[in-house]
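What follows is a set of notes on a single structure, which appears directly below.
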């Protein structure tokens, strides 16, 4: 794993494949209160770029990458990350693939759909979650924080490959794609105040 930390935006001249793994770190889990602090990106070759987001950062290169309609963005629990990116960077990071949704559609034999659980079962990799609740808005990020943040995107390409095979085997590829396409609408509901309400229930 190679980690590059950038302040405010991506540098010029970076090459990306047909898909880029994406994650975010915020000050907490409330979109109306907790600002976006870090965006993590990983190529399939294991090179990770972490971008610190400042209050006044315009980040044009990062925004262009996230909004590129020709490049698939891979997330785990895309619902939160998409909404945070939309609120604080003003773009929709689509098209999107969510490993958590894919897992829920095909790993119906389990109630464990965290990133750590997927890496453990599908890739035989143990992830440390020790830095999950750390201060991502701190003036300096520790080496442990950077490694944790990079690990959250490092394995998403491989997980997508495993989950795609399972989706195809179970005949649920089209259903997964429809769920992924609906995510921006679900995020709009979250941002408009319906985070806890399922408007589809009776």
Filtering the range 29-67 down to residues that are surrounded by 15 or more Cβ atoms within 10 Å (Cβ to Cβ), out of contact with any strand residue (DSSP E or B) (no Cβ under 8 Å at 6 or more places or on another chain) and either farther than 23 Å from residue 190 by Cβ or at pLDDT below 95 (or both) yields 31, 57, 61
One residue is enough: does the range 126-138 have a residue meeting the conditions out of contact with any strand residue (DSSP E or B) (no Cβ under 7 Å at 6 or more places or on another chain), part of a loop (DSSP other than H, G, I, E, B) and at pLDDT 95 or above? no
Restricting to the range 129-156, name every residue that is surrounded by 20 or more Cβ atoms within 10 Å (Cβ to Cβ) and under 25 Å from residue 92 (Cβ atoms). 136, 149, 150, 152, 153, 154, 155, 156
Does the range 1-14 hold any residues that are in contact (Cβ under 8 Å) with a residue 12 or more places away in the chain and either under 17 Å from residue 63 (Cα atoms) or surrounded by 14 or more Cβ atoms within 10 Å (Cβ to Cβ) (or both), and which are they? 3, 4, 5, 6, 7, 8, 9, 10, 11, 12, 14
How many of the residues making up the range 19-40 are closer than 14 Å to residue 135 by Cα and touching a residue at least 60 places away in the same chain (Cβ under 8 Å)? 7
Residue check, residue 144 modelled with pLDDT of 95 or more, closer than 27 Å to residue 44 by Cβ and not in a loop (DSSP other than H, G, I, E, B): no
Is it fair to say residue 178 is out of contact with any strand residue (DSSP E or B) (no Cβ under 9 Å at 6 or more places or on another chain) and within 27 Å of residue 51 (Cα to Cα)? no
What pairs come up if the first residue lies in the range 106-120 and is touching a residue at least 24 places away in the same chain (Cβ under 8 Å), the second is in a loop (DSSP other than H, G, I, E, B) and surrounded by fewer than 11 Cβ atoms within 10 Å (Cβ to Cβ), and their beta carbons are under 8 Å apart, counting only those six or more places apart or on different chains? 119/126
Note on residue 160: of the conditions (1) at pLDDT below 95; (2) touching a strand residue (DSSP E or B) at 6+ places or on another chain (Cβ under 7 Å); (3) more than 15 Å from residue 40 (Cα to Cα), unmet is (1)
Go through the residues of the range 72-91 one by one and say whether even a single one is farther than 14 Å from residue 184 by Cβ and part of a loop (DSSP other than H, G, I, E, B). yes
Identify, from the list 81, 23, the residue that is within 18 Å of residue 127 (Cβ to Cβ), out of contact with any helix residue (DSSP H, G or I) (no Cβ under 8 Å at 6 or more places or on another chain) and either crowded, with 22+ Cβ neighbours inside 10 Å or at pLDDT 95 or above (or both). 81
A careful count of residues in the range 95-123 that are outside any helix (DSSP H, G or I) and surrounded by 20 or more Cβ atoms within 10 Å (Cβ to Cβ) gives 3
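The values are calculated or read from the model by the stated rules, or taken from the named source; none is laboratory data. None of the values given here were measured: they were computed from a predicted structure. Positions of Cβ are generated from backbone atoms using ideal geometry, with glycine treated the same way; all protein chains shown enter the neighbour counts.
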